[in-house]
1. Going by the conditions given, is A:Asp48 of a type in the set (Asp, Glu), open to solvent by less than 10 Å² (accessible area, probe 1.4 Å) and more than 9 Å from chain B (Cβ to nearest Cβ)?
2. I'd like to know if segment A:61-74 contains one or more residues that are in a loop (DSSP other than H, G, I, E, B), within 14 Å of another protein chain (Cβ to nearest Cβ) and under 16 Å from the mean Cα position of the chain (by Cα).
3. From the residues in segment A:235-260 that are modelled with pLDDT of 95 or more and surrounded by fewer than 16 Cβ atoms within 10 Å (Cβ to Cβ), which one is nearest to the other protein chains (Cβ to nearest Cβ)?
4. From the list B:Arg104, B:Arg127, which one is over 18 Å from B:Ser257 (Cα atoms), touching a Ser or Thr at 6+ places or on another chain (Cβ under 9 Å), among the charged types (D, E, K, R) and surrounded by fewer than 24 Cβ atoms within 10 Å (Cβ to Cβ)?
5. Just to be sure, is A:Ser143 away from every other protein chain (no Cβ under 14 Å) and farther than 28 Å from B:Pro167 by Cβ?
6. So if I check each of A:Ile130, A:Ile87, which one is touching a helix residue (DSSP H, G or I) at 6+ places or on another chain (Cβ under 6 Å), in a strand (DSSP E or B) and under 20 Å from A:Val160 (Cβ atoms)?
7. Among the residues of segment B:163-219, write down those that are modelled with pLDDT under 95, exposed (fewer than 14 other Cβ atoms within 10 Å of the Cβ) and assigned to a helix (DSSP H, G or I).
8. Collect the residues in segment B:268-283 that are within 14 Å of chain A (Cβ to nearest Cβ) and either crowded, with 17+ Cβ neighbours inside 10 Å or touching a helix residue (DSSP H, G or I) at 6+ places or on another chain (Cβ under 7 Å) (or both), keeping them in residue-number order.
2 protein chains.
Amino acid sequence: MVGTGGAKLLRIQKMNRSSDRRPIGVFDSGVGGLTVVRALWRILPGQDIIYFGDMARLPYGSKSGEAVTRFSLEIANFLRRRGVKMILVACNTASAYALGTLQRRFRLPVLGVIGPGAKAAAQAYPRGRIGVVGTSGTVHSRSFQKALRRYASGSKVRAVACPLLVPLVEEGWWRGPVTETVARGYLQPFRGWRPDALILGCTHYPLLRGLFGKILGRRVFLIDPGERMVQRAREILKGAGWKRAGRRRGRTQFYVSDNPEQFRRLGGRFLGKKIGKVYLKRF
Amino acid sequence: MVGTGGAKLLRIQKMNRSSDRRPIGVFDSGVGGLTVVRALWRILPGQDIIYFGDMARLPYGSKSGEAVTRFSLEIANFLRRRGVKMILVACNTASAYALGTLQRRFRLPVLGVIGPGAKAAAQAYPRGRIGVVGTSGTVHSRSFQKALRRYASGSKVRAVACPLLVPLVEEGWWRGPVTETVARGYLQPFRGWRPDALILGCTHYPLLRGLFGKILGRRVFLIDPGERMVQRAREILKGAGWKRAGRRRGRTQFYVSDNPEQFRRLGGRFLGKKIGKVYLKRF
């Protein structure tokens, strides 16, 4: 089941109806999940956030399900010890491989990007052609494909792995002929097929939104699953009475397992804002 | 000091003058170090080899010195428990960051690629212009630059980080316009400068030898530090009486921390030969 379990929610709801100052935990393999922090700042501006980027072991996109699940459990345990009220798995690969395990292991609500991303596509085009782009891990796990079959059984789905797009974005090459050539190559299977919607199934891809639109045409509905996950988090927090009250803007704390300086430098570009202090937490 | 310590060698030499069947340990962040295995097969065909690829935590090129040193110690401990007589650090980034620590911690000879690579350039062009290409970690550690100052104080050195070349090679794009465009961009600082030699300071780059030659001109002396390290290993083994006697070809065992299947598939290309069994050893 994608989501958080109704009974669990109801129980916690009864425990706590007042304003809830506990932070929201967000994690990713590195800087990519900062696109989710950006969405949180916009959609849930009052919430405190603890972000964890697993810079020591990134990328997750080429690693096995076992490895990604083990890394995710370590991070989720760390976030729980920091007292978060909810965990958002910003990384598509970790959502694809580890969400079920995390939801079983933790009493907290744990949300991933796959369900919300697939739902958004299904609602817009229940019988349409839906494209998915992601890392090798995300595509080979077939998580988006399975979720789309559940939410939009009448849809046609085509998924393509685009491994080079992450290193290209991390190298800062968001524009320019190299990235365009690489992206055109990967998107070739979608050209004649004419998808109605394209799920941007990796935290780095929202930064390539303009390029995807240029290659596939502006008619294609581009879906950022991270943003959809944050909207779902907002519903849950509201329903559970967990929204932090008041007009104060939330604080965001950043933790990484390696390279705080590099995270600060690269992360600023994902966040559209300078990052201050970054804490180091090795596993 | 680059090398293995004379006193240590002499001591072990006395202990064991006969043929030594213990394997040589080789490690790398992933498949790249298989170019070193290939050199071992050619230069020391009788030796048994245990290879370790840290597929769970690759790449090393973007990680900090602390992280790479910690990973390297874990792997070297594993190799020691497997009874190796010598450890070859195939990864340039691990050589740059962790070699000193490994040499202090282990009584075994531990060799890296930086010293042998720099020496080869220094011997050929003691007062020449020497270029270095490598990962961000290798270049920023300034290890090649320092070694060259030691071995060829009259030389001029220019080092350039080429982060995208590893993912391009791992994606199988060894040829073609994209990789050539990216490589031309990175090598721009060498064009007017006209280097005499270029140190291929990453295990993946020997596979791009043809492309480097095409861009910089065939006059440039291209140095593969991994091959030089293997030649140095041969001298040491011979000097210590550690060479495995007889005409039997050595056996090679492969271990990885994740993704044995992917290692087998990609590794075959680096090795120029199919890989059989790959063992999984998680940390």
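The values are calculated or read from the model by the stated rules, or taken from the named source; none is laboratory data. What you see is a predicted model, and the numbers here were worked out from it, not measured in a lab. Quick reminder, even Gly has a Cβ in these numbers, built from the backbone with ideal geometry, and neighbours come from all protein chains shown. SASA here: full protein model, heavy atoms, side chains in, ligands and nucleic acids out. Shrake-Rupley method; radii C 1.70, N 1.55, O 1.52, S 1.80 Å.
1. Spelling it out, it is not the case that A:Asp48 is of a type in the set (Asp, Glu), open to solvent by less than 10 Å² (accessible area, probe 1.4 Å) and more than 9 Å from chain B (Cβ to nearest Cβ).
2. Yes, the conditions are met somewhere in segment A:61-74.
3. That would be A:Gln253.
4. Testing whether each residue is over 18 Å from B:Ser257 (Cα atoms), touching a Ser or Thr at 6+ places or on another chain (Cβ under 9 Å), among the charged types (D, E, K, R) and surrounded by fewer than 24 Cβ atoms within 10 Å (Cβ to Cβ) leaves just B:Arg127.
5. So A:Ser143 fails the test.
6. Just one listed residue meets the conditions, A:Ile130.
7. B:Pro177, B:Arg191
8. B:Val278, B:Leu280, B:Lys281, B:Phe283
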